[in-house]
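What follows is a single structure, written as structure tokens, with notes after it.
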């Protein structure tokens, strides 16, 4: 007999898929890089931290499949498989293992302090930056330094700001779940 996910859990996965897609539309193109600044990372921080590893990854995969199918859910209203196969695709594909680790480190633990959460989000970013920078460098035939210069280093300050915003938001949402105002996805 096949086991299906409960409706509540599926609803939360769909909700976080939508949150990621919406926050991805908050995007600013940079003239020196094909990689725009986006709010997508904040959505992933929430999904991985609130849903855990498995459901967080399902949420990200649903987002990526929507985009690959042509829905304009990626940054700057783009969609299509060419985005995933293009210079910025490594960042998108890096969301899958990054979210898995984030979900394991934050979403499936009882008590996490803000420093632990920041470190877990930093690991997430390291995974995404690595895979994204590799594909960016390969597709655009860049040296390692060039790929870092246009695909990683300019984004670190903004991602630090997103971590600072995400930690109290996640803590607040986890507090709401813990007080049974909203049922836990792990119940």
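Read-outs: derived from the displayed coordinates by stated rules, not from any lab. Values in this document were obtained by computation on a predicted structure and should not be read as measured data. FYI the Cβ positions are ideal-geometry reconstructions off the backbone, even for glycines, and counts take in every protein chain you see.
Adding -39500 (n - 2.57) for every DSSP H run of four residues or longer, then dividing by how many residues the chain holds, sets the calculated 222 nm ellipticity at -22500 deg cm²/dmol. Under 12 Å from a point 7 Å along the Cα-to-Cβ line of residue 161: which residues of the range 116-147 have their amide N that close? The answer is none, because no backbone nitrogen lies closer than 12 Å to the label point. If one takes the longest principal axis of the Cα atoms in the chain, at what angle in degrees, from 0 to 90 and to the nearest 10, does the Cα axis of helix 7-24 lie? Rounded to the nearest ten degrees, it is 30.
Here are some values of Kirkwood radius over Cα pairs in Å: (i) 16.7; (ii) 18.4; (iii) 17.3. Which one was computed from this structure? Given (i) 16.7; (ii) 18.4; (iii) 17.3, the structure-derived one carries the label (i). Counting 0.36 nm for each residue step from residue 104 to residue 11 and taking away their Cα separation leaves a gain of 31.4 nm. Axis angle, to the nearest 10 degrees, between helix 114-140 and the longest C-alpha principal axis of the chain: 30 degrees. The distance from the alpha carbon centre of the range 1-54 to that of the range 58-108 is 8 Å, rounded to a whole number.
Calculate how steeply helix 40-68 sits against the longest principal axis of the alpha-carbon atoms of the chain, using the helix alpha-carbon long axis, and give the answer as 0 to 90 degrees to the nearest 10. So the helix axis and the longest Cα principal axis differ by about 50 degrees. Go ahead and collect, in residue order, the members of the range 27-57 whose backbone nitrogen is under 13 Å from a label point 7 Å along the Cα-Cβ direction of residue 149. Flagged as within label range: 32-33.
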